[in-house]
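Reviewing the structure listed below.
The values are calculated or read from the model by the stated rules, or taken from the named source; none is laboratory data. None of the values given here were measured: they were computed from a predicted structure. So basically every Cβ, Gly included, is an ideal-geometry build from the backbone, and we count neighbours across all protein chains shown.
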Amino acid sequence: MDLGGINPVILIATLMASAVPILLAALGETVVERAGVLNLGVEGMMIFGALGGFIVAVHSGSPVLGFIGGAVCGALLSLIFAALTQVFLANQVATGLALTLFGLGVSSLGGQGYNGIKPPPTGKLFPQALTDLPVVGPIVFGHDWVVYFSIAMTAVLWWVLKSTRVGLIIRAVGESHEAAHALGYKVNRIRLACIAFGGAMAGMGGAYVSLARVPQWVDGITAGAGWIALAIVVFASWKPWRVLIGAYLFGGITVLQLNLQVAGSAIPVEYLSMAPYLITILVLVIMSAGRKASGAPAALGQNFHASR
Amino acid sequence: MTRPELLRVEGITKAYPGVVANSDVSFSIGEGEIHALLGENGAGKSTMVKMIYGLVRPDSGTMTLRGAAYTPSKPAEARRLGVAMVFQHFSLFEALNVAENVALGMENPPPMRELAARIRAVSEEYGLPLDPSRMVGDLSAGERQRVEIIRCLLQDPKLLIMDEPTSVLTPQEVEILFRTLRQLSSEGTAILYISHKLEEIRSLCDEATILRRGKVVATCTPRERTAREMAELMVGQALKTPERRMGAKGEVALGVSDLSVESPIPFGTSLKGVSFTVARGEVLGIAGVAGNGQDELLLALSGELKAAPDKVRVAGQPVGDRGPVERRKAGLVAAPEDRYGHAAAPDMSLVENAFLTAGVRKGLTQNGFVDWAGTRRFAEEIIAAYDVRTPGPDVAARALSGGNLQKFLMGRELMQGAQVIVINQPTWGVDAAAAASIRQSILDRAGEGAAVVVISQDLDELLEVSDSFAVLNEGRLTRPRPTEGLTMDEIGLMMGGAHGMEVAHHVA
């Protein structure tokens, strides 16, 4: 079953894996923004997590520890952002941009000496017999655990935000920090926790790039994935399942255009390379258009200081 | 009828930097009692109830709830002990639905479906119908308040605090609310009712504690007192009559006739048929409780809100449809109340701020370029004349203390040589000495022939500076009367007493 040299089963299986870094980072940022914080440092946290996870995995020999290390690194970096914006009330946009630059620089420095090393491989979760099944084999059973984790996280976050008290409080804080404060919720503490969670998710997404996608350490390895994650959050209207659609769309078109390049398509390479960005944004814009409210948290990007 | 005591407050004191919000406040509330906390704005009512609700901690003093020491450290604790509060603002989430809003204010909310059923049941029981699945953003002000009340009722409170609940309600909604409150009271729930609307308190409350400048000045039974007596207690009688040169009034400089504008402010008060004239050399003082249209009146006079041309006239010239710059050219300058953001651009320097309103009248532009040297000179003149404490004219407006910035802003408007000057809250947050000098310069400008409108909530200030006196009440202005010979009785009635009749009129 080949379509112009591209096997759709392989394509779907590959896109699920290639979307993981963006999906994880975007899910984390969804929670952060739902709590009313705009952290533009996703790219920085991702690449910091990519390096941290890589180093931990190489030295410990365990990819699982590597992912945990990536998450911890991302969370640590996000705490700088949290301290600056929640404690010192710095501007969130400027701080987030600075965090990205800082993350890129620090990882470039720390990654010296890790070029060309292979990390321990992250294996497939299910046995060969299942993976070899036609169609469902590669798509349903052919992945490592992080792919399943990312899908599970989408479901979990959707449920948490929609139906649990924790989710309600997070949404409340993002909607009106003053009202939340008046009811006795600790706005800045809740936001701090959300920022750390977002950092951990971004760090883990970054670690997936360096441990499973590439897998090795290269300078600037995340290549703008953090920015796409940010865009996806907005165009997905801060809804986890839409974030998944956006991430898969982007991942899918990325894989597709690579395959088309390999297959020697008549479309110039430049157009193919820009296609994922263009089409993802376009589709999400169409999805998010036509509804009266954008669904943005009302207090997004505003700092809160309890004066009374 | 004697009721068992529910809450006793003794000797509560709370100071903020520079201001004592409450000083040695004591009162007690019985079970099922509707107790009013009465006072002007800034008398310390809100701070007091925030302490009872655990949002603010008192510096000293004790509270006892049913005989046990009561020191809530956070609202959750207060709620657990049976104290609930309905806020005036800021405690609903527009993008969440009614049930979610209610759940956020509860300690252990039941599952959503069960909660929705309970909201329906309770709202029917108390005559406050409400659909739990509607978005709060789509509700009217009265319906939003129902959400808050029901949030409280679901927790079976022993004491319900209501902070100025009727300020955003229509008269019909007020009636419904009062019926609910009386029902609650008959079921044994005590209500602490904060307001400055005297007639409401007379019809609803069993007892009243009157605060002035953070101190308890009286306790009374509202039904046995007249609105006039309570108004006197609220504003204080010791008002000295200031000395003022009497100058001959000139021709009319500012004329406003039948000015009605919609309020652009959410929950604002629209102006309804406001008419007055101010002559050269005259100061008109406009009193009124906050939120009765003061901000809107300033906007309508400054030109930020436009009306038909002949509704506002400066020196006989119709300017009702003109914007602020054209009105300044015509000779009208205005100083709004909000210093950081409305009257001044907080992050710009004093020189830049001086240019922003004075540029037109002081001719500080040349061929489209700002005359920075001239602007700086003007800023320095203001700083010298009004004793503004600042390292220099180049510091950001935000860096000045509120009082100092206020002096600068007053100077900026008063020194432009305008014929008509409109000021909202000229001495708000300014220390006594600076306030006196600002008032003096208002009188000086009037002495030089300017017509001045001073909008203020400080009655003492208005009596000191104004020649004629009017009150804004729900967007309507009373007929201006000469300040001379006006008694506190009359002022109290102008401010609160006549309310009921006018509202009834308006409903029919």
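Test B:ASP347 against the criterion of being more than 20 Å from the chain's Cα centre (by Cα), surrounded by fewer than 24 Cβ atoms within 10 Å (Cβ to Cβ) and assigned to a helix (DSSP H, G or I), and give yes or no.
Working: more than 20 Å from the chain's Cα centre (by Cα): yes; surrounded by fewer than 24 Cβ atoms within 10 Å (Cβ to Cβ): yes; assigned to a helix (DSSP H, G or I): no.
The answer is no for B:ASP347.
For A:PRO276, indicate whether it is at pLDDT below 90 and not in a helix (DSSP H, G or I). Please lay out each step first, then the result.
Working: at pLDDT below 90: yes; not in a helix (DSSP H, G or I): no.
Answer is no for this residue.
To keep it simple, each residue is scored yes or no on (1) surrounded by 24 or more Cβ atoms within 10 Å (Cβ to Cβ); (2) in contact with a Phe, Trp or Tyr (Cβ under 7 Å, 6 or more places away or on another chain); (3) at pLDDT below 95.
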residue	(1), (2), (3)
A:ALA26	yes, no, no
A:LEU38	no, no, yes
A:ILE47	yes, no, no
A:GLY70	yes, no, no
A:LEU79	no, no, no
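The strands (runs of 3 or more DSSP E) found entirely in region B:1-112 that carry 2 or more residues being more than 19 Å from A:ALA179 (Cβ to Cβ) are B:5-16, B:19-30, B:34-38, B:60-65.
Screening B:ARG228 with (1) in contact with a strand residue (DSSP E or B) (Cβ under 9 Å, 6 or more places away or on another chain); (2) modelled with pLDDT under 85 gives one miss only, at (1). Scanning region A:160-186 for residues that are among the hydrophobic types (A, V, I, L, M, F, W, C) and more than 19 Å from B:ASN108 (Cβ to Cβ) yields A:LEU161, A:VAL173, A:ALA179, A:ALA182. For region A:234-244, the count of residues that are part of a helix (DSSP H, G or I) and of a type in the set (Lys, Arg) is at least one. Of the residues B:GLY82, B:GLY44, B:GLY67, the single one that is away from chain A (no Cβ under 11 Å) and buried (at least 24 other Cβ atoms within 10 Å of the Cβ) is B:GLY44. For region B:90-139, the set of residues classified as at the interface with another protein chain (Cβ under 8 Å from one of its Cβ atoms) and surrounded by fewer than 21 Cβ atoms within 10 Å (Cβ to Cβ) consists of B:PHE90, B:GLU94, B:ALA95, B:PRO109, B:MET112, listed by residue number.
I'm trying to understand the selection: among the residues of region A:168-181, which are facing chain B (nearest Cβ under 10 Å) and either touching a helix residue (DSSP H, G or I) at 6+ places or on another chain (Cβ under 7 Å) or buried (at least 22 other Cβ atoms within 10 Å of the Cβ) (or both)? I'd like the intermediate steps shown before the answer.
To start, the set of residues in region A:168-181 that are facing chain B (nearest Cβ under 10 Å) comprises A:168-169, A:171-181.
Those that are facing chain B (nearest Cβ under 10 Å) and either touching a helix residue (DSSP H, G or I) at 6+ places or on another chain (Cβ under 7 Å) or buried (at least 22 other Cβ atoms within 10 Å of the Cβ) (or both): A:LEU168, A:ILE169, A:ARG171, A:ALA172, A:VAL173, A:GLY174, A:GLU175, A:SER176, A:HIS177, A:ALA179, A:ALA180, A:HIS181.
Rundown of residues vs (1) in a helix (DSSP H, G or I); (2) surrounded by fewer than 15 Cβ atoms within 10 Å (Cβ to Cβ); (3) within 21 Å of the chain's Cα centre (by Cα); (4) free of Cβ contacts under 8 Å to residues at least 12 places away in the same chain, yes/no style:
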position	(1), (2), (3), (4)
B:ALA334	no, no, yes, no
B:GLU337	no, no, yes, no
B:ILE382	yes, no, no, no
B:PRO391	no, yes, no, yes
B:GLY403	yes, no, yes, no
B:GLY411	yes, no, no, no
B:VAL422	no, no, yes, no
B:SER437	yes, no, no, no
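Going by the structure shown, is A:GLY206 of a type in the set (Gly, Ala, Ser), farther than 30 Å from B:ASP163 by Cβ, over 16 Å from the mean Cα position of the chain (by Cα) and more than 14 Å from chain B (Cβ to nearest Cβ)? For A:GLY206, the condition - of a type in the set (Gly, Ala, Ser), farther than 30 Å from B:ASP163 by Cβ, over 16 Å from the mean Cα position of the chain (by Cα) and more than 14 Å from chain B (Cβ to nearest Cβ) - is not met. Taking the conditions (1) within 13 Å of another protein chain (Cβ to nearest Cβ); (2) over 27 Å from B:ASP458 (Cα atoms); (3) in contact (Cβ under 8 Å) with a residue 60 or more places away in the chain in turn, B:VAL49 satisfies each one other than (2).
For every residue, the table says whether it meets (1) out of contact with any Phe, Trp or Tyr (no Cβ under 6 Å at 6 or more places or on another chain); (2) surrounded by fewer than 21 Cβ atoms within 10 Å (Cβ to Cβ); (3) hydroxyl-bearing (Ser, Thr, Tyr).
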{"position": "A:ALA212", "(1), (2), (3)": "yes, no, no"}
{"position": "A:GLY220", "(1), (2), (3)": "yes, yes, no"}
{"position": "A:LEU260", "(1), (2), (3)": "yes, yes, no"}
{"position": "A:TYR271", "(1), (2), (3)": "yes, yes, yes"}
{"position": "A:LEU278", "(1), (2), (3)": "yes, yes, no"}
{"position": "A:ILE281", "(1), (2), (3)": "yes, yes, no"}
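Quick check: anything in region A:150-167 part of a loop (DSSP other than H, G, I, E, B), away from chain B (no Cβ under 14 Å) and at pLDDT 90 or above? Within region A:150-167, not a single residue is part of a loop (DSSP other than H, G, I, E, B), away from chain B (no Cβ under 14 Å) and at pLDDT 90 or above.
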